[in-house]
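Okay, so here's the structure we're looking at.
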Amino acid sequence: MISERVARKGHFYAIGVGPGSPDLITLRALSLLQSCDVVIAPRSEVSASSLALDIVRRHLSGQEVRERVYPMTRFSKATQAGWGEEAVEAATRSRGGLAVALITLGDPLVYSTSSYMLPVISAEIGADKVEVVPGITAFQAAAARFQMPLSLQEDRVTLMTADDPKAVEAALDSCETLILYKIGKHLPSLVEMLKRRGLLDSAR
């Protein structure tokens, strides 16, 4: 069953807005954003603006926009508590008859802040009033840029973070395509690992 493309009052939407380009938003995401009442936009404490909001700002007209600043710390209780509070606030607005949307880079279920809110908002207003709208991820956009197939026939594709070198080594032994997120400070050691294994020329 295809979901409705007009945001319904009293409902909550976790919407993926893609990897960065405003023209890589799905038609459903665009329609829901344009018809919702409230837009919640996550913003890192180290950023001057919300990247997700920058992507969709041109498509908004009159919606209430709430930027939620979150700390860049792993497994932070403060992060979980902050998004829990935002979920309760969103539930209050939903119960008040508003259509509320949380926007997130890429896809709402892939390394996304929406994962903190979804269990709370579902408990508050009911899962039947919550919808997740998938978005194009960064790794899909990167593969498209390089015109690189991610899988053929029985190829195994692994998606993981780069924070554990031993886990990365093990993954390289057990899949044909390895997708790494959160590389940052690990890039130099990853390059050395790929050189040592003769894989640097096939890495992107």
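The values are calculated or read from the model by the stated rules, or taken from the named source; none is laboratory data. Note that the coordinates shown come from a computational prediction; the quantities given were computed from them, not determined experimentally. Here the Cβ is made from the backbone with ideal geometry for all residues, glycine too, and neighbour counts use every protein chain on show. Each accessible area value is taken on the protein alone, full model and side chains, heavy atoms only, with ligands, DNA and RNA left out. Shrake-Rupley method; radii C 1.70, N 1.55, O 1.52, S 1.80 Å.
Summary table below
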item	result
Which numbered condition Trp83 misses (of (1) under 17 Å from Ile25 (Cβ atoms); (2) of a type outside the set (Ser, Thr, Tyr); (3) open to solvent by less than 40 Å² (accessible area, probe 1.4 Å); (4) part of a helix (DSSP H, G or I))	(1)
Matching residues, the stretch 190-204, being of a type in the set (Gly, Ala, Ser) and either open to solvent by 70 Å² or more (accessible area, probe 1.4 Å) or farther than 26 Å from Val110 by Cβ (or both)	Gly198, Ser202
For Pro165: the one exception among (1) open to solvent by less than 40 Å² (accessible area, probe 1.4 Å); (2) more than 30 Å from Thr26 (Cα to Cα)	(1)
Helices (runs of 4 or more DSSP H) lying entirely in the stretch 98-184 (those with 1 or more residues that are among the basic types (Lys, Arg))	138-146, 165-172
Qualifying residue in the stretch 125-139 (condition: open to solvent by 70 Å² or more (accessible area, probe 1.4 Å), hydrophobic (A, V, I, L, M, F, W, C) and touching a residue at least 40 places away in the same chain (Cβ under 8 Å))	no
Residue list for the stretch 53-76, filter: on the phi < 0 side of the Ramachandran plot, surrounded by fewer than 10 Cβ atoms within 10 Å (Cβ to Cβ), at pLDDT 85 or above and assigned to a loop (DSSP other than H, G, I, E, B)	Ser61
Residues that are without any contact (Cβ under 8 Å) to a residue 40 or more places away in the chain and loosely packed, with under 13 Cβ neighbours inside 10 Å, drawn from the stretch 171-182	Asp173, Ser174
